[in-house]
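A.B. asks: Provided herewith is a single structure, encoded as structure tokens, for subsequent inquiry.
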Amino acid sequence: MTPFFTAGTDGSGMYEVEVKVAADLAAVAERLDELGATQTSDVVQVDTYYDAPHRNFAETDEALRVRRETRAGETEARITYKGPLVEAESKTREEFETAVDDGETVDIIFEKLGFAPAATVEKDRRCYRYDGYTVTLDAVEGVGEFVEVETETDEDGVERAREGAYDVLRELGLDPESQIQTSYLGMLLDDSS
């Protein structure tokens, strides 16, 4: 399971440090096996992103989504808020996420409050653990194949976590300089316009 990050007891959030590149997933999976990485899961994720009635998330660089994640026939749902990028060198954001019992009810609540579904991103995701990082191999419907290297940290650890993610990409034979900071949602919306 890809880790999720929650607010601290003082209301402060954790930061998700993520570096994403386009890649041939079969080649990366082979390299992960050579490196002795541990495969942790295969999941299907369906993310419904919402537009807010009171501000434009595209302008504020925020996101609100309901994720449905299916593994081994069981589906779980979570609500996630992602804040704006906090640095230019990676896709680092403050993130708050919590599990919910019923994603469909959350959809109804959001819509009753004026939040409108903006788009749905569907992906097959294979997750690995390697050198303290989560490495995900994503086949995103209508967008392509990507590798993400991510971890969580507090505000003081962002730079160290980013540099470590770059090192993992290099070990996988990928170039951190080719990272993509556009979200899957952004790519999907760009392709549809």
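The values are calculated or read from the model by the stated rules, or taken from the named source; none is laboratory data. Note that this is a predicted model, so its numbers are computed, not measured. Glycine gets a Cβ as well: all are built from the backbone with ideal geometry, and neighbour counts include every protein chain shown.
A.B. asks: Quick one: which residue in R65, R93, R78 is closer than 29 Å to E171 by Cβ and not acidic (D, E)? Break it down into steps so the answer makes sense when it comes.
C.D. replies: Details: R65 fails: closer than 29 Å to E171 by Cβ; R78 fails: closer than 29 Å to E171 by Cβ.
The match here is R93.
A.B. asks: Looking only at segment 102-156, count every residue that is loosely packed, with under 15 Cβ neighbours inside 10 Å, of a type in the set (V, I, T) and within 25 Å of G36 (Cβ to Cβ) and tell me the total.
C.D. replies: Number satisfying all stated conditions: 0.
A.B. asks: Restricting the search to segment 157-175, which residues are of a type in the set (V, I, T) and crowded, with 20+ Cβ neighbours inside 10 Å?
C.D. replies: Residues of segment 157-175 of a type in the set (V, I, T): 158, 168.
Within segment 157-175, just V168 meets the criteria.
A.B. asks: Test of understanding: among T38, T98, T80, which residue is of a type outside the set (F, W, Y), more than 16 Å from the chain's Cα centre (by Cα) and either surrounded by fewer than 19 Cβ atoms within 10 Å (Cβ to Cβ) or over 19 Å from Q181 (Cβ atoms) (or both)?
C.D. replies: Values: T98 fails: more than 16 Å from the chain's Cα centre (by Cα); T80 fails: more than 16 Å from the chain's Cα centre (by Cα).
After applying the criteria, what remains is T38.
A.B. asks: Within segment 176-184, can one find any residue that is over 22 Å from V46 (Cα atoms), surrounded by fewer than 15 Cβ atoms within 10 Å (Cβ to Cβ) and over 18 Å from the mean Cα position of the chain (by Cα)?
C.D. replies: Taking segment 176-184 as the starting set, the residues that turn out to be over 22 Å from V46 (Cα atoms) are 176-179.
Of the ones still in play, those that are also surrounded by fewer than 15 Cβ atoms within 10 Å (Cβ to Cβ) are 177-178.
Now drop any that are not over 18 Å from the mean Cα position of the chain (by Cα), which leaves 177.
There is at least one residue in segment 176-184 that is over 22 Å from V46 (Cα atoms), surrounded by fewer than 15 Cβ atoms within 10 Å (Cβ to Cβ) and over 18 Å from the mean Cα position of the chain (by Cα).
A.B. asks: Taking L169, is it more than 17 Å from the chain's Cα centre (by Cα) and either assigned to a strand (DSSP E or B) or modelled with pLDDT of 95 or more (or both)?
C.D. replies: Taking the combined requirement at face value, the residue does not satisfy it.
A.B. asks: Which residue pairs have Cβ atoms under 6 Å apart, sit 6 or more places apart or on different chains, and have a first residue in segment 73-92 that is among the aliphatic types (A, V, I, L, M) and a second that is in a strand (DSSP E or B) and loosely packed, with under 13 Cβ neighbours inside 10 Å?
C.D. replies: Between residues of segment 73-92 that are among the aliphatic types (A, V, I, L, M) and residues that are in a strand (DSSP E or B) and loosely packed, with under 13 Cβ neighbours inside 10 Å, the close pairs are I79/T98.
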